[in-house]
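Step one of this worksheet: look at the structure below.
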Amino acid sequence: MRDSLRHKAMRICDEKIAKKGDGVGLSFYAFFANKNDDPDLLMEAAEWWIKRHKLDHFEKAVKIRDMISSGQ
């Protein structure tokens, strides 16, 4: 996952956790606006989420943040 997406994903996870607590879940779509303005970046996130890590559609933001920060 490219650095810009890592940083954005970490920021989104931190914001969601701060607003809704440690139990908040999200999907990789949370890292994007409600329009497909960067399909390559969207596919990169989807491949990281679905193909590489075989994650469910919704996962805990804490889990995703920890995975990204550990370099996975």
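The values are calculated or read from the model by the stated rules, or taken from the named source; none is laboratory data. Keep in mind that this is a model prediction, so the values were computed, not measured. Cβ placement follows ideal geometry from the backbone for every residue including glycine, while neighbour counts extend to all protein chains displayed.
Taking each residue of segment 17-29 that is among the charged types (D, E, K, R) and looking for partners that are modelled with pLDDT of 95 or more with beta-carbon atoms closer than 9 Å, six or more apart or interchain, yields LYS20/ALA61; ASP22/LYS60; ASP22/ALA61; ASP22/VAL62.
Filter segment 34-72 down to the residues that are aromatic (Phe, Trp, Tyr) and not in a helix (DSSP H, G or I) and list them by number. Within segment 34-72, just PHE58 meets the criteria. Filtering ASP66, ASP3, ASP40, ASP14 for residues that are out of contact with any strand residue (DSSP E or B) (no Cβ under 6 Å at 6 or more places or on another chain), free of Cβ contacts under 8 Å to residues at least 12 places away in the same chain and either of a type in the set (Val, Ile, Thr) or surrounded by 11 or more Cβ atoms within 10 Å (Cβ to Cβ) (or both) leaves a single hit, ASP66. Among the residues of segment 23-46, those identified as among the charged types (D, E, K, R) and either farther than 21 Å from SER69 by Cβ or modelled with pLDDT of 95 or more (or both) are LYS35, ASP37, ASP38, ASP40. If only residues of segment 17-29 that are of a type in the set (Gly, Ala, Ser) and part of a loop (DSSP other than H, G, I, E, B) are counted, the one that is surrounded by the most Cβ atoms within 10 Å (Cβ to Cβ) is SER27.
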